[in-house]
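First comes the structure, then the notes that go with it.
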């Protein structure tokens, strides 16, 4: 699953990951991502940090609260370098990694492949 409010960025990720054979769904808002998660249970989700209405960290928390996504792995995608994250409370999950836009597609494909292998 790809969550990005920039349609061009989302489409580019779909193009790259789709050519690699991944089954993808796109949401352009946090609300759409939460609705999509009801019908599509992704193994990996790429989430833009700078989203409208709630940021990527808030969306991560909301998605992690869904039992059907217990095995999902999350990748942060942002136009800004990663800032130091505060320690998480018990039971909270964090992003597996943080990619900065423009995303290096070779790196992205390697990360997704390694997460997919870990899920198998």
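For this structure, a couple of remarks:
- Single unsatisfied condition, residue 10 versus (1) out of contact with any helix residue (DSSP H, G or I) (no Cβ under 8 Å at 6 or more places or on another chain); (2) touching a residue at least 12 places away in the same chain (Cβ under 8 Å); (3) assigned to a loop (DSSP other than H, G, I, E, B): (3)
- Total residues in region 15-30 satisfying the condition of being part of a loop (DSSP other than H, G, I, E, B) and under 22 Å from residue 115 (Cβ atoms): the figure is 6.
- For region 11-20, the criterion of being touching a strand residue (DSSP E or B) at 6+ places or on another chain (Cβ under 6 Å), closer than 19 Å to residue 96 by Cβ and modelled with pLDDT of 95 or more is met by at least one residue.
- Among residues of region 95-120 being over 15 Å from the mean Cα position of the chain (by Cα) and touching a residue at least 24 places away in the same chain (Cβ under 8 Å), the one that is farthest from residue 59 (Cα to Cα) is 118.
- Complete set of residues in region 31-54 that are out of contact with any strand residue (DSSP E or B) (no Cβ under 7 Å at 6 or more places or on another chain), buried (at least 16 other Cβ atoms within 10 Å of the Cβ) and either assigned to a helix (DSSP H, G or I) or free of Cβ contacts under 8 Å to residues at least 24 places away in the same chain (or both): 34, 37
- Evaluation of residue 61 against (1) touching a strand residue (DSSP E or B) at 6+ places or on another chain (Cβ under 8 Å); (2) modelled with pLDDT of 90 or more; (3) farther than 15 Å from residue 42 by Cβ (one fails), failing number: (1)
- Within region 5-20, not a single residue is closer than 19 Å to residue 69 by Cα and surrounded by 16 or more Cβ atoms within 10 Å (Cβ to Cβ).
The values are calculated or read from the model by the stated rules, or taken from the named source; none is laboratory data. The shown structure was predicted, so the numbers you read here are calculated from the model rather than taken from an experiment. Heads up, the Cβs are rebuilt from the backbone with ideal geometry, glycines too, and the neighbour counts pull from every protein chain shown.
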